[in-house]
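Data block below; observations after.
Since every read-out is calculated from the coordinates, none of them should be taken as a lab result. Please read these numbers as outputs of a predicted model, since none were measured by experiment. Virtual Cβ from ideal backbone geometry, glycine too; neighbours counted across all protein chains shown.
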Amino acid sequence: MELVFATHNKNKFKEVQLLLPKHITLRSLEDIGCFDEIPETADSIEGNAILKANYVTEHYGYPCFADDTGLMVDALDGAPGVYSARYAGTEKSSEANMDKLLEELKGETHREAKFKTTIALHLEREKVLFNGIVLGEITLEKSGAEGFGYDPIFKPQGYDKTFAELPITVKNEISHRGKAIKQLIAYLKNLK
Ligand code: IMP
């Protein structure tokens, strides 16, 4: 079975590719000739995942799935949330986003946060959503060089390392996206 993963993020693509069983051949947006900036203008994580998957099915006609992720920080009433990518500006710089978040949390001792991923799967006849959440906290400073995005400042619950210090296999086992992808895989396995 061939499925397009509607992302331009090479790190994410690699993470997900590692998780999928061999009978699913993952295609990238580049593989189908899509170099467009796919709109992410919804006001919720679910809404954005659906927008991205719709874009690929409508414009390119492939079965696909898309994900959208948000980092919710308790002390900031759930911010940056759906605005996680553009938290420090439209250039979507991970360094600037992390700097802004660390600054906002300066002096804050309650640093609980969670990542949430929604995956929207669009097959010929079905549209299904899968969610994954990981709890953790925002560290005082950046640490580690693996992963991407906010990984250097997110320490998952039960670990004393950030996502950027953990091997990708460990991150995949416990992460928001890993959990959502596991549900996607279970669903695909049950399809005829
Ligand atoms: P998007 O939904 O992939 O656009 O992600 C929204 C924001 O969350 C971007 O700033 C990403 O870099 C960040 N992000 C998404 N997934 C992860 C992750 O697994 N670790 C750290 N940051 C992430």
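Considering segment 140-192 alone, what residues qualify as being hydrophobic (A, V, I, L, M, F, W, C), within 16 Å of the ligand (Cβ to nearest atom) and part of a helix (DSSP H, G or I)? Residues satisfying the conditions are Ile153, Ile168, Val170, Ile174, Ala180, Ile181, Leu184. The set of residues in segment 55-85 being closer than 13 Å to Thr117 by Cα, polar (S, T, N, Q) and not in a strand (DSSP E or B) consists of Ser84 alone. Restricting segment 1-54 to residues that are in contact with a Leu (Cβ under 8 Å, 6 or more places away or on another chain), of a type in the set (Val, Ile, Thr) and in a helix (DSSP H, G or I), the residue that is farthest from the ligand (Cβ to nearest atom) is Ile50. The set of residues from segment 71-97 being near the ligand (Cβ under 9 Å from one of its atoms) and touching a Lys or Arg at 6+ places or on another chain (Cβ under 9 Å) comprises Leu71, Pro80, Ala85, Arg86, Tyr87, Lys92, Asn97. Name every residue in segment 57-70 that is surrounded by fewer than 24 Cβ atoms within 10 Å (Cβ to Cβ) and away from the ligand (no atom under 13 Å from the Cβ), in order of residue number. Passing the criteria: Thr57, Glu58, His59, Tyr60, Gly61, Tyr62, Pro63. Restricting attention to segment 7-53, which residues are touching a His at 6+ places or on another chain (Cβ under 9 Å), closer than 23 Å to Thr90 by Cα and not acidic (Asp, Glu)? Passing the criteria: Leu29, Cys34, Phe35, Ile38, Ile50, Ala53.
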